[in-house]
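Notes for the one structure printed next.
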Amino acid sequence: MRVRKQQSFPVFRIILISSLAVSLVLFVLFLMLLLKTGRLEKTLQALEKKYAALELEFSAVTGTQKTMKISLYYYNELLDKAINGDAVCDINAVIPVERSLPYSQSPINDVVRLLVRGELTKAERDLGFKTEFPGRELQFLGARLENGVLYLKFSDPSGFTSGGACRIALLRAQIEKTVMQFDTVKRVVYEPETLFKP
């Protein structure tokens, strides 16, 4: 008489299948969380826009205008000399001056427009601040932000944005440091791409 060999309990198979099932459930939950996070970010952006619009309407109704503090970055020749012993166009000498602007739906556009007007006060000039803005016929046409990339469009029929590497580095630093104060801006692209090139 033959004795039937008793099958061992498939513990290994059960552990493997249950761990795969748990991994699959966790993966699905992770995907759901990602989708929900994306929706929350879009909802938050929409709410921020509505809040800004309501603030503007409130300002119009009450006659009070809410302002925001911003920084405009300009070259400081005295700082450059202090850092390097001479003026060598060090972009680390492009530092902020403070301004107040009325709240708007397009603060980046407003800040760039104000920067390229190049309106330094006498006190700021006495402290060593300089700029070549406003440029001959240079016009800022607008900005658009896509996935952290800020596209800045200019018209420059007289070639103000071309020239020596030192000068162009300072002009670019003034614009880029000014717009990078906005958390949503990660990189700047100039349109057309031939602008601000030595």
Labelled set [x] 1.72; [y] 1.11; [z] 1.06; Cα Rg over 2.2 N^0.38 Å computed from this model equals the value at [x]
Ranking Leu33, Phe129, Ser100 by how far each Cα lies towards the positive end of the charge dipole of the chain (+1 on Lys and Arg Cβ, -1 on Asp and Glu Cβ), the top one is Leu33
Answer in debye to the nearest 20: the dipole magnitude of the stretch 84-167 about its Cα centre, from +1 Lys/Arg and -1 Asp/Glu charges placed on Cβ, is 200 debye
The stretch 120-198: antiparallel bridges as % of DSSP beta bridges, rounded to 5, reads 55 percent
Within the under-9-Å Cβ sphere about Pro192, not counting Pro192, Lys/Arg +1 and Asp/Glu -1 give a net charge of -2
The lysines whose Cα lies under 25 Å from the Cα of Lys122, excluding any fewer than 8 residues away in the same chain, are Lys69, Lys81, Lys130, Lys177
From the Cα centre of the stretch 127-145 to that of the stretch 14-42, the distance in Å is 49 Å
With +1 at each Lys and Arg Cβ and -1 at each Asp and Glu Cβ, the charge dipole magnitude of the chain around its Cα centre, to the nearest 20 debye, comes out at 1580 debye
Expressed in angstrom and rounded, the centroid-to-centroid distance over alpha carbons for the stretch 89-104 and the stretch 178-192 is 14 Å
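No lab work stands behind these numbers, since they all come straight from the coordinates. Nothing here was measured: the structure is a model prediction, and the numbers come from that model. We place every Cβ from the backbone using ideal geometry, glycine too, and count neighbours over all the protein chains shown.
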